[in-house]
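Asks: Mind having a look at this structure? Questions to follow.
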Amino acid sequence: MELLLDIGNSRSKARLFDAGQLTEIQLENISTAQWSQIKAVYCASVAADSRVLAIRQQVPSAIPFTQIQSEAQAFGVSNSYQQPHLLGVDRWLALVAAAESYPNTDLLIADAGTALTIDWLSSAGQHQGGWIMAGQKLQQEAVLSKTAKVFSKELETAQLSPATDTATALYQGAIAALVGAIRQAFALQPVQLIVLTGGDALLLQKYLTDLPVRVEPQLIFQGLAR
């Protein structure tokens with residue numbers, strides 16, 4: 001059994017990987033008996049090194065700890081970056097997992113979390129580049145931090161439409177930007193399938209029902225397991 005860790009900018013997530021199955025777990029809730037069964041820890045992080053160090057200190061020293069890095073080529077996937085390690089490891093793992101789940105398929109992979117990342121992957125496994133933009137909450141926070149009379153609230157609407165109050169206008173504007181970016185990416189270079197992952201994947205899916213979309217909530221962990 002292995003412990004897989006995804007350390008993001010907003011939060012950290014953990015899964016136990018055993019016999020091909022992923023099981024969600026909280027790092028602080030791992031029992032002594034479970035630690036004794038864990039043979040290795042594999043970590044992917046886009047956060048500061050200090051956060052990785054703090055989490056590593058929670059892992060018993062006898063258990064091997066490996067921090068995954070993006071590679072030039074692995075598992076039939078080729079990285080388009082001239083300096084492969086500079087491609088965010090979360091994006092790299094999403095590419096690896098998507099290629100395994102949907103072989104010989106032209107893909108658009110959108111990871112909607114703190115940031116929205118969009119990557120193209122050819123049916124031959126060639127990464128063709130991508131985009132990065134602020135996620136919906138980060139967009140709203142950016143507007144709020146620079147304006148005095150704009151405010152927000154937690155809400156969700158059934159469809160995008162012209163808003164008649166400030167909070168809804170801010171929220172729908174952020175969602176429209178993300179949905180628009182995915183639509184523009186698909187129009188720019190059409191693919192057979194759009195793979196959505198990340199915390200806002202189900203939210204964005206509702207506004208993309210006319211496109212070939214598949215939601216894969218565990219994509220990063222599938223890449224780690226691979």
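The values are calculated or read from the model by the stated rules, or taken from the named source; none is laboratory data. None of these values were measured; they are calculated from a predicted model. A quick note on method: Cβ atoms are made from the backbone with ideal geometry, for glycine too, and the neighbour counts reach across all protein chains shown. Each accessible area value is taken on the protein alone, full model and side chains, heavy atoms only, with ligands, DNA and RNA left out. Shrake-Rupley method; radii C 1.70, N 1.55, O 1.52, S 1.80 Å.
Asks: Provide the per-residue ³J(HN,Hα) series for the stretch 124-137, in order, calculated from phi with Karplus coefficients 6.51, -1.76, 1.60 and θ = phi - 60°, each as a whole number of Hz, with x at glycine and proline positions.
Replies: Along the stretch 124-137, the couplings run 8, x, 8, 5, 10, x, x, 10, 9, 8, 5, x, 5, 6 Hz.
Asks: Shifting gears a bit: For Lys206, go through the aspartates and glutamates and keep the ones whose alpha-carbon is under 16 Å away, minus same-chain ones fewer than eight residues off.
Replies: Answer for Lys206, where 16 Å is the Cα cut-off: Asp111, Glu156, Glu216, listed by chain and number.
Asks: How much of Arg226 can a 1.4 Å solvent probe reach, expressed as accessible area in Å² and rounded to 10?
Replies: 110 Å²
Asks: Could you work out the relative contact order of the stretch 2-67, using alpha carbon pairs under 8 angstrom and six or more residues apart, expressed as a whole percent?
Replies: Normalised by residue count, the contact order of the stretch 2-67 is 35 percent.
Asks: Answer with one residue from Ala201, Phe75, Leu144: the one whose Cα lies farthest towards the positive end of the charge dipole of the chain, charges on Cβ with Lys, Arg +1 and Asp, Glu -1.
Replies: Of the options given, the answer is Leu144.
Asks: What accessible area per residue comes out for the stretch 1-140, rounded to a whole number of Å², with a 1.4 Å probe?
Replies: On a per-residue basis, 50 Å².
Asks: Using only the alpha-carbon atoms, how far is helix 166-188 inclined from the longest principal axis of the chain? Give it as 0 to 90 degrees, nearest 10.
Replies: Orientation of helix 166-188: about 70 degrees from the principal axis.
Asks: Within the chain, what whole-number % of the accessible surface is contributed by carbon and sulfur, with the 1.4 Å probe and all protein chains included in the calculation?
Replies: C and S atoms contribute 50 percent here.
Asks: Could I ask something else about it? Could you check what % of the DSSP bridge pairs in the chain are antiparallel, to the nearest 5?
Replies: 60 percent
Asks: Suppose every K and R has +1 on its Cβ and every D and E has -1 on its Cβ; what is the size of the dipole of the stretch 2-67 about the Cα centre, in Debye to the nearest 20?
Replies: Dipole size: approximately 100 debye.
Asks: Normalised by the number of residues in the stretch 73-225, what is the relative contact order in percent for Cα pairs under 8 Å and 6+ residues apart?
Replies: The value is 26 percent.
Asks: Among Val89, Thr114, Ala124, whose Cα projects farthest towards the positive end of the dipole of the stretch 73-225, with charges put on the beta-carbon of Lys, Arg (+1) and Asp, Glu (-1)?
Replies: Working it through, the farthest residue towards the positive pole turns out to be Thr114.
Asks: Could you tell me which residue out of Val41, Val179, Gln192 lies farthest along the dipole of the chain toward its positive end? Charges go on the beta carbon: Lys and Arg +1, Asp and Glu -1, centred on the Cα centre.
Replies: Among Val41, Val179, Gln192, the one farthest towards the positive end of the dipole of the chain is Val179.
Asks: For the stretch 73-225, what is the per residue volume of the convex hull drawn over the alpha-carbon atoms, in cubic angstrom?
Replies: Convex hull volume per residue, Cα atoms: 115 Å³.
Asks: Here's a follow-up. Sorted by average packing, counted as other Cβ atoms within 10 angstrom per residue and highest first, what order do 160-169, 27-36 take?
Replies: 160-169, 27-36
Asks: Another question, then. What dipole magnitude, in Debye to the nearest 20, does the stretch 73-225 give about its Cα centre under +1 on Lys/Arg Cβ and -1 on Asp/Glu Cβ?
Replies: Computed charge dipole of the stretch 73-225: roughly 320 debye.
Asks: Determine ³J(HN,Hα), in whole Hz, for all residues of the stretch 219-226 in sequence, where each value follows from phi through the Karplus function 6.51 cos²θ - 1.76 cosθ + 1.60 and θ = phi - 60°; x replaces Gly and Pro.
Replies: The phi angles translate into 4, 5, 5, 5, x, 4, 5, 4 Hz.
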